[in-house]
Amino acid sequence: MFNPADPANPIVHGLMTLPAAHPDNTFGTDRTLAYLKELAVFPEPYVSNDIYKSYPYARPALRFNPALPQFPAGTQVALVRRMVVVDSRGELKVTPITESIQLRAYALDPKTAQPGALANQDFYELILAPGELFERKGGLRASARMPAARHPVFEKATVFSQGNNCNNCHGDVGVFSLNTYTHLFGTLPNSPWFEPSDEKSQDRNTLDWKRRDYTWGLLSALLQSNQ
Ligand code: HEC
């Protein structure tokens, strides 16, 4: 996402903005970077998971340390999905077309907020209306709070396409609801190291992932068989 505070470096912290700590720093860039650093070097990110003793076959032995540093109320996070197309040479390309933007703003201080309470965060979602894009009317429209599943015919159904309530998956407090950090639905990484990234590496990771996906294998075979 474009960061007006730092036009030369457009997406240093594209996914996260802490509220400004100082009137000169309207976009909270320094505070965001300082928080991410504090989180990354926190000495004991995992502690043992008490419930593991009762269900060792079904529960992870470790969990996130409840003492992890928290970001303040007013922090905003975004997830921006951009369109990937197949170019005339049959290669995958990330386009500048934004298909959806999901936003969450932490209304209450995560240190005192209650897990699961709807009042903790405000949720927003903007989705591309392709008709409006082609009529040059912009095209991103605010969606209802709990959107119904909407995905292209060839897209695989995933947990993300079920139209669930945002709070079902982001209901924990502060950093524990930051799924990019907690790896919800995945396994705990050896190190939860989390640092700012840039647009180029995001695009590269996305395309690397898609190239390994079986749907891309099928589609490339279909394209080649028609040549
Ligand atoms: C089925 C579970 C699920 C639902 C429902 C869901 N999300 Fe997420 N969300 C995730 C996961 C998992 C990630 C991490 C994605 C990644 O690591 O690339 C994520 C990432 C995000 C992020 C990036 C910051 C972060 O937490 O990592 C935002 C912002 C976000 N979601 C907003 C929303 C909004 C708004 C809604 C409702 C319209 C929503 N999400 C519904 C699972 C969900």
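Read-outs throughout are calculated quantities, based only on the coordinates presented, and are distinct from any laboratory measurement. For clarity, every value in this text was computed on a predicted model and none was experimentally measured. Note that we place each Cβ from the backbone using ideal geometry, even for glycine, and neighbour counts take in every protein chain shown.
Length available on full extension from Y46 to V84: 0.36 nm per residue minus the Cα-Cα distance, which gives 10.1 nm.
Between H183 and Q114, the contour length at 0.36 nm per residue exceeds the alpha carbon distance by 22.7 nm.
The GluC sites (Glu not before Pro) of the range 80-136 meeting both criteria, a DSSP state outside H, G, I, E and B (loop) and at most 16 other C-beta atoms within 10 angstrom of the site's C-beta, are E91, E135.
In this structure, the amide hydrogen of N49, modeled 1.01 Å from its nitrogen in the peptide plane, lies closer than 5 angstrom to those of L62, R63, counting only residues at least 5 positions away or on a different chain.
Segment F123..N168, full-extension length gain: 15.0 nm, with 0.36 nm per residue of separation and the alpha-carbon distance subtracted. As a proxy for reagent exposure, I97, I127 were ordered by neighbouring Cβ count within 10 angstrom, fewest first; the result is I97, I127.
The loop-placed chymotrypsin sites (Phe, Trp or Tyr not before Pro) in the range 25-73, going by DSSP, that have at most 16 neighbouring Cβ atoms within 10 Å of their Cβ come out as F27, Y57. Based on the convex hull around the alpha carbon atoms, the range 68-225 presents an average projected area of 11.4 nm².
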